[in-house]
Amino acid sequence: MRLNLSNYKAALVTLVAIAVLALSLTFTVWRLLNVEEDLRTEETHANLWQISQTQFEASILAESLTRAAIGEAFPDREQAPEFRLAILISRMAVLLEGMQGHVIEKVGSLGTLKEAYLQLTYAEPLLKGRVDPQAAQLLRVQVRDLAYQLRDIANKVMLLNRGEMSEKRSMYLRYVFESFAFIVGIAVSASFLLLRLFKGMQEASQARQLLRQEQELSDLVINNISNQGIVMFDAELRCLLWNPGMEDLLNIKPEQAVGQHMSDIDPIFAQENVIGSLIRATEGMSSIFENETSSSDGQEQCLEINCLPVSMAERKLGIAFMRDVTEQWLARKQAERQNFDLEIKVLQRTAALRQAERRLIAAIKSASEGFAAFDWTGKLLFANEQIWAAAPVSLWCNEEMGLTSFLRCFAMCEGADMRLVNAEPPFEEIELDLMLKKDTWARLSLTKADGATIFVRLTDISGYKQVARALESALSRERETTNAYRSFVSMVSHQFRTPLAILDSSAQRILRRGAELTQDELVTRVQKIRNAGTRLTRLVESVLNAAKLDAGTIEVNPASYNLVDLVVDICDRQREVSTQADIRFDIPNLPVTVYCDGMLIEQVVVNLLSNAIKYSGDTPVVEIKIWMEGSRAFCSVRDWGIGIPADELPKIFDRFYRARTASGIAGTGIGLNFAQRIMHLHGGEIQVESYEAAGSLFTFDLPIANAEQAQQAA
């Protein structure tokens, strides 16, 4: 203890000496820097020179003004009052700024000089051109007074500088004595530190010799302990000792371990918890723990590591004892595993029982279904809130109800039968769907368990009933849709008959007349046959396209078409079928080239044209108009038939919808919907204007394919 206290005192004295040395050096350098700064900022002679130069310029200006007052001319510009005044003003400006201004302020004359500077600035315009003798005389008096003031300021500055120099000499002398004292402190501190260094080297040599002796003694003792591994290390975790026991445990020789960092010797010592224990041992704290690892042959291994602090030759070291406790660890681990498995099973079974109990109670209490239990005589055992909240029970039963009174509460509900009225022990199993109130249905189920307990369940089936009604409604709509599709097929079949009739009539005409036919008539009939065949092919494709359109798989193959030829050709074919129709045209003489799928657009025109003829009576008149506007081509179909009521116009393009004015006229209500959807695929739309008993106007538009036509239309 005395040795340690002595070491602490020696260290404290050494630190004090180092601090004195550092402070002495710091203050010495600081004083020298102060002296250097004072010498660097010495500008006394410069200040006096500037003041004297300003005084000299004021004298010259006064002389120049005197000559100007008597009317003397100035052949040399530099002698003129205007030039001399400018020089004096610049001198004054320099004098009032920087270090000269600070010095003049110290002697109390800065305000006077600023006032004089201002007056000279105001007087500068008076000296331009011809100088007024009276103004020159007045200005000369002011300049002369300024020269006297500058002379007095120079004297004051000289006296001020003399006083400051006296103070600086005293200060420099004090700095010299202080620096000398600091130098003495530096010398004393340096001498003391040199003595401490020499003594420390001797003590270190003695400590190394003592440590070597102690190490030899500890090696002798430790190497003879072979039942456990021992490793010693310093504060930097460098290995100092590695006994044979460690060699047996880790298969590492002492020459491979000594001098190495502990983490580099074996992966065990590189683990974070092991490193922490080793560091705490060098800091004076003990620790013991087990480290689970694998041996070189892959078997599980457990090593017990006991880290202890060691102090040798005033050095803080650490020592770790390591022994193999694999057998004890495996036995303890197996016992713990068995205990843990047993505890887990007990906990699992207990938790399962509790969970089942809680689940049963929660299911009964919070289930959406009503639940009640009765004994075999019909006495109530339990009923949840849903049972008591049921409308018949809340109205007619009380807390002492029995199964008989409970069932009779539901006897007045829709769907009940006499089993609810005649219920008596022994009770029969029942299952009924009852309407408790409007739009509220429940299924009442009565079942027996083990011949003793009777369970009653009340399940809300309102949603099921609503879904059933919805399914019935959907089935009805599906039937209507099926009927509509049958009508559609009938309409398509009728459309097939038209080209077939043309084919048959043309073939009969050829057969009847035979050789009497001229070449032109034969060509005409053959052409009609070909057109009818083409029409028939197009009808087949249109039916397929309708199915594709419903399935969303229809393909649009746009190309350039002459809308005029397309519409006129359709009208010609329609005249063959409807010979009584009067189809009129308002079309341009030039072709109107549009970009569309010709097959699909043909179906649109055919639908609009056939509707116009069908709904126009016995002598239909239909007007077809084609025109261009901007980059779009328009085609309208007008008739003067039965028309469409105004309130039904928004629904006219709905599938299967037919206006009330179409009653008694064959049709399915699918054509306009199909035509509108085709136009949507082309980026256009069918517009309709109609008045009841006044006819209808249907208009659709397509993009113009030719840029020149679009410009002309615009």
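Side notes on the structure shown:
- Residues in the stretch 217-242 that are at pLDDT below 85 and open to solvent by less than 30 Å² (accessible area, probe 1.4 Å): S218, I222.
- Neighbours by Cβ (under 8 Å, 6+ apart or cross-chain): first from the stretch 95-124, under 19 Å from F56 (Cβ atoms); second assigned to a helix (DSSP H, G or I) and of a type in the set (F, W, Y): L96/Y117
- Residues located in the stretch 285-314, provided they are open to solvent by 50 Å² or more (accessible area, probe 1.4 Å) and either under 27 Å from L210 (Cα atoms) or modelled with pLDDT under 80 (or both): M285, S286, S294, S296, D297, G298, Q299, L308, P309, S311, E314
- Residues of the stretch 430-478 satisfying the condition of being of a type in the set (F, W, Y) and free of Cβ contacts under 8 Å to residues at least 24 places away in the same chain: Y464
- Tally, over the stretch 266-288, of residues that are touching a residue at least 12 places away in the same chain (Cβ under 8 Å) and acidic (D, E): 2
- Residue check for R174: exposed (fewer than 12 other Cβ atoms within 10 Å of the Cβ), farther than 21 Å from E78 by Cβ and either of a type in the set (G, A, S) or more than 60 Å from the chain's Cα centre (by Cα) (or both): yes
- Among all positions in the stretch 414-434, there is at least one residue which is surrounded by 14 or more Cβ atoms within 10 Å (Cβ to Cβ), among the acidic types (D, E), closer than 27 Å to G463 by Cα and out of contact with any Asp or Glu (no Cβ under 8 Å at 6 or more places or on another chain).
- Some residue of the stretch 55-71 being among the acidic types (D, E), assigned to a helix (DSSP H, G or I) and at pLDDT below 80: yes
- When G259, G276 are checked against the criterion of being under 24 Å from A204 (Cβ atoms), at pLDDT 85 or above, open to solvent by less than 80 Å² (accessible area, probe 1.4 Å) and not hydroxyl-bearing (S, T, Y), G259 stands alone in meeting it.
- Count of the stretch 441-461 residues which are surrounded by 15 or more Cβ atoms within 10 Å (Cβ to Cβ), of a type outside the set (A, V, I, L, M, F, W, C) and over 18 Å from L407 (Cβ atoms): 1
Yes or no, residue by residue, for (1) on the phi < 0 side of the Ramachandran plot; (2) open to solvent by less than 100 Å² (accessible area, probe 1.4 Å):
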residue	(1), (2)
G378	no, yes
A383	yes, yes
W388	yes, yes
T404	yes, yes
R408	yes, no
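- Top-ranked residue of the stretch 450-504 - restricted to ones that are modelled with pLDDT of 75 or more and in contact with a Ser or Thr (Cβ under 6 Å, 6 or more places away or on another chain), ranked as nearest to Q386 (Cα to Cα): R457
- Cβ-Cβ under 6 Å pairs, at least 6 apart or on other chains, the stretch 50-63 side free of Cβ contacts under 8 Å to residues at least 40 places away in the same chain and of a type in the set (A, V, I, L, M, F, W, C), far side part of a helix (DSSP H, G or I) and buried (at least 21 other Cβ atoms within 10 Å of the Cβ): I60/R84
- Of all residues in the stretch 55-84 being open to solvent by less than 40 Å² (accessible area, probe 1.4 Å) and in contact with a Lys or Arg (Cβ under 7 Å, 6 or more places away or on another chain), the one that is farthest from V141 (Cα to Cα): E57
- Test: A351 is at pLDDT below 85 and open to solvent by 60 Å² or more (accessible area, probe 1.4 Å): no
- Among the criteria (1) open to solvent by less than 50 Å² (accessible area, probe 1.4 Å); (2) at pLDDT below 80; (3) under 16 Å from F321 (Cα atoms), the one A207 does not fulfil is (3).
- The residues in the stretch 584-632 that are over 18 Å from F674 (Cα atoms), touching a residue at least 60 places away in the same chain (Cβ under 8 Å) and either of a type outside the set (A, V, I, L, M, F, W, C) or open to solvent by less than 50 Å² (accessible area, probe 1.4 Å) (or both) can be counted, and the count is 11.
- Count of residues meeting criterion [of a type outside the set (D, E, K, R) and assigned to a strand (DSSP E or B)] in the stretch 270-290: 3
- Filtered residues of the stretch 97-149 (kept if in a loop (DSSP other than H, G, I, E, B), within 19 Å of I70 (Cβ to Cβ) and either of a type outside the set (V, I, T) or open to solvent by 70 Å² or more (accessible area, probe 1.4 Å) (or both)): G129, R130, D132
- The set of residues in the stretch 72-93 that are of a type in the set (D, E, K, R) and not in a loop (DSSP other than H, G, I, E, B) comprises R77, E78, E82, R84, R91.
- Matching residues, the stretch 643-675, being at pLDDT below 80, in a loop (DSSP other than H, G, I, E, B) and among the hydrophobic types (A, V, I, L, M, F, W, C): F656, A659, I665, A666, I670
- Checking each residue in the stretch 262-273 for being within 19 Å of A235 (Cβ to Cβ) and either crowded, with 17+ Cβ neighbours inside 10 Å or hydrophobic (A, V, I, L, M, F, W, C) (or both) picks out M262, I265, F269, A270.
- Positions within the stretch 64-92 being within 21 Å of L118 (Cα to Cα) and of a type in the set (D, E), in sequence order: E82
- Enumeration of residues in the stretch 124-162 that are at pLDDT below 75 and basic (K, R): K128, R130
- Those residues of the stretch 433-449 which are modelled with pLDDT of 85 or more, farther than 22 Å from L381 by Cβ and of a type outside the set (F, W, Y), in sequence order: D433, L434, M435, T440
The values are calculated or read from the model by the stated rules, or taken from the named source; none is laboratory data. Bear in mind the structure is a predicted one, so any value in this text is a computation, not a measurement. Glycine also receives a Cβ, built like all others from the backbone with ideal geometry; neighbour counts cover every protein chain displayed. All accessible areas refer to the heavy atoms of the entire protein, side chains included, with ligands and DNA or RNA removed. Shrake-Rupley method; radii C 1.70, N 1.55, O 1.52, S 1.80 Å.
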